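Here the structure is laid out as structure tokens; the discussion comes afterwards.
The values are calculated or read from the model by the stated rules, or taken from the named source; none is laboratory data. For clarity, every value in this text was computed on a predicted model and none was experimentally measured. Cβ placement follows ideal geometry from the backbone for every residue including glycine, while neighbour counts extend to all protein chains displayed. Please note that ligands, DNA and RNA were not included when accessible areas were found on the heavy atoms of the full protein model with its side chains. Shrake-Rupley method; radii C 1.70, N 1.55, O 1.52, S 1.80 Å.
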Amino acid sequence: MYNPFMRPQHCARFATRRAFATGEVFHVVETGTAIAPLTVIDDQTLFDLGDEISVEDLVFTADPFCGAVA
């Protein structure tokens, strides 16, 4: 669910919590959409959308095995 008041910091905290809760890698991605400029996705979704997402779109990555990396 999209919250229009979410900033990159809020999304990064959410991604980090999800990463440590599930043991999977999560990413904060810029969508280019005005109604939902940021989203949090997992690694599988990132790979599935590989042709649509560029490296410049990645804002933050949370890896539970390597810590959180910006």
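Some points to look at:
- The residues of region 34-67 that are in contact with a Leu (Cβ under 9 Å, 6 or more places away or on another chain) and either open to solvent by 100 Å² or more (accessible area, probe 1.4 Å) or assigned to a helix (DSSP H, G or I) (or both) amount to a single one, LEU46.
- Verdict on VAL25 being open to solvent by 40 Å² or more (accessible area, probe 1.4 Å), at negative phi and of a type in the set (A, V, I, L, M, F, W, C): no
- Candidates VAL28, VAL69, filtered to the one that is at pLDDT 90 or above, among the aliphatic types (A, V, I, L, M) and out of contact with any Gly (no Cβ under 7 Å at 6 or more places or on another chain): VAL28
- Any hit, region 46-69, residues being at positive phi and without any contact (Cβ under 8 Å) to a residue 12 or more places away in the chain: yes
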